[in-house]
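Please treat every number below as a calculation from the coordinates, not as lab data. From a predicted model like this one, the values you see are computed outputs, not experimental measurements. Here Cβ is always computed from backbone atoms with ideal geometry, including for glycine, and neighbour counts include all displayed protein chains.
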Amino acid sequence: MDAGPLPYYPINDFGPAMKGMVIGGLGIFHVFIAQFAIGGGMLMCYFQWLAMTGRVPLARKFLDGFFKFLVLVSFVVGALTGVGMWFTTIQISPRTIGMMVDEFHWIWATEWTFFCLEIVAGYTFYRYGSILTDKARLALLGLYSVAAWGSLFWINGILSWQLTPGDWIGSGSLAAGFFNPSFFPSLIFRTIVSMTIAGLAACVVVNLMLELSREEKTTLIQRAARFLMPMVLMPIVGLWFFSVLPEDSRDWVMGGSVAMTMFMTIAVGTSMLIGLYALVGLIGQRLYINGATASLLCALAFAATAGGEFVREGVRKPYTVRQALYSNSLTGEDVARLRQVGSVTHDPYPLENASQYPNEQLKLGAKVFRMQCSVCHTMSATNGLTHLTGTWTMEQKRLNIAQLQRTKSFMPPFAGTPEELEALVQLVTWEHADRPTSWPVSTDTDVLNRIQQWLDDVGTESGLKPGRLLAEAG
C-alpha cells in the first residue's frame, strides 16, 4: 500500500494570519488593479476617438493627463502584484500551482506574450503618444486594449477551470478544461467589471482636474458614465454563471456557508448600488458627480470585487481544483493511501520550536496539523481550531474530525491513521488547556479502535453527494 512519499513541500508560517487570507487579500487587490488596467485601455480608446472626431475636444486633455498616468501605474502595480501572487501561491499551495502549470503551461505562456505586448504598447503610448498622429495614437491604444483583454481571456480559462473543470475530469482534454462551463459567463462578467471600474476611476480623475469648469467636468463625466451602461447585463450574466456552478457550490452561496452567503450579499448589494446610481443618476438624470461620491463608488466597486473573489475561491471547497485536488493539496487517491500509511510518515521537515511540545504525541499532532489543516486554519488565531472546536467534548473532537466531510462537507476527508487523528485531538486539547508543560500520552486501544471504525464508516470520498459528483463527471 505504501507507494512512497507524497511530494512534500516546505510549509511557511504566516503567524496569526490564515494562509488563505494572505493570498486572498493580495489576490483581490491584484484583480481590482488588473481589471482597471483592462477597462482603462478600452476607455482611453473611446476618449481618443472622441477627441480625434471632434465630439469632445476636452477628451484629449483628459487622456494625456492623469488617466494615462493611472493606467501606467495600474499595469506596473498589476505586474508586481501578479509576481506576488506567484510567490505567495508557491509558498502556500505549491502542488496546486504545479498542477495548473503542468496542465496549462502553453496557455500561460500565451497569456504572458499578451501581457508583454500590453506593457510595451502602454509604455510606448505613455512615452511617445504626444508626438504621434491621432490615427497612430488610436492604433496604439487599440493594440494595448486588445493585448490587455487577451491576457484576461487566457487567464480566465485557467482560473475558471479550477471551479468547473467539466469534461476535463474524464478526458484530460486541454480544450475541455480551458473552455469549461463557467469560461464564457466569467469572461463576460469580468469584462463588464473592468469597464465599470474604469468608468468610475475616470469620474474621480475628472474631479482632480482643477483647471476645468464644472460644465467641462460634467461633459467628461457623462462620457465616462457610458462605460457603466453594460452593468445592465450583470444580473443576466451573473445568473448564467450561477447556473453552471456545481450544485454544492450553489448550496454554499444559498445558505450552506454563512461566510459565502454574506460575501455574495456584499458583492451583489454593492454592485446594485453602483448600477442604480449610474443608470438612474449619471445616465438617466445626467447628474454631476463630485470627487467624494466618485471615490465612494470606487470603494463600493472594490468591495464588490472583494466579495466576488472571496466567493469564487470559497465555492470550490473542499477542492482547490474541483474533483481533482483537495484544498490541502491531497488527491482522493492520496487520502485512501494515507489512511493506511500515515500522512506524515515520510514528512522530512522538522517542527519549528519542537521543544515546546511536552511529548512525542503532540509533536506528531503538530505535524498532522501542519500538513492537513494549516493551509486554511491557524491553531489559535484567524479561523483557529481552538475556536472552532471550543465547545466540543473530547469524543466529539474525535468523531467530528474522523468524519470531517460529514461534519462540514466543504472540508476534505481526514487523511491519516487513528494514531495521527488522536495526536491532533490531543494537540488541540493541549492548546485549549493553555499549553501546560506536561501532558499525558493517550494510548487507549479502545479509543483508537473507535476512531478506526468511524474512519471506515465515513470512507475516503468527499462529503459532496455522490449523485452530484456522478452528474458532474458525466
Between 0 and 90 degrees, rounded to the nearest ten: what's the tilt of helix 134-163 against the longest Cα principal axis of the chain?
20
Over region 330-473, how many percent of alpha carbon pairs lie in each 5 Å bin up to the one with the longest distance?
2, 10, 19, 24, 21, 14, 7, 2, 1, 1, 0
Which FRET efficiency value, to the nearest 0.05, is calculated for Thr445 and Thr261 with the Förster distance at 45 angstrom and r the Cβ-Cβ distance?
0.55
How much mean residue ellipticity at 222 nm does the chain get from its helices, if each DSSP H run of length 4 or more adds -39500 (n - 2.57) and you divide by all residues, to the nearest 500 deg cm²/dmol?
-21000 deg cm²/dmol
If amide H atoms are built 1.01 Å from N in the plane of the peptide, which residues on other chains or at least 5 residues away come under 5 Å of the amide H of Leu325?
Thr320
Taking the simple approach of a point 7 Å from Cα along Cα-to-Cβ for both Ser130 and Gln356, what is their distance in nm?
5.7
Could you tell me how far the Cα centroid of region 194-219 sits from the Cα centroid of region 101-174, in Å?
27
Please work out the C-alpha center-to-center distance from region 33-78 to region 400-432 and express it in whole Å.
53
Which whole-Hz ³J(HN,Hα) couplings does region 84-92 yield from phi under the Karplus relation 6.51 cos²θ - 1.76 cosθ + 1.60, θ = phi - 60°, glycine and proline marked x?
x, 5, 4, 4, 6, 5, 5, 6, 8
For Lys68, Lys61, which order do you get if you count the other beta carbons within 10 Å of each Cβ and list the fewest first?
Lys61, Lys68
Could you compute the longest span of the chain free of GluC sites (Glu not before Pro) located in DSSP loops and having at most 14 other Cβ atoms within 10 Å, not counting the site residues?
1-210
For Lys61, give me every one of the lysines with a C-alpha distance below 21 angstrom, ignoring sequence neighbours fewer than eight places off in its own chain.
Lys135, Lys217
Evaluate the relative contact order of the chain (contact order divided by residue number), counting alpha-carbon pairs under 8 angstrom at least 6 apart; express in whole percent.
17
If one takes the longest principal axis of the Cα atoms in the chain, at what angle in degrees, from 0 to 90 and to the nearest 10, does the Cα axis of helix 94-128 lie?
20
Excluding residues fewer than 8 places away in the same chain, name every one of the lysines whose C-alpha is closer than 19 Å to that of Lys317.
Lys19, Lys408, Lys465
Quick note on Phe36, Phe302, Phe29, ordering by fewest other C-beta atoms within 10 Å, gives Phe302, Phe29, Phe36
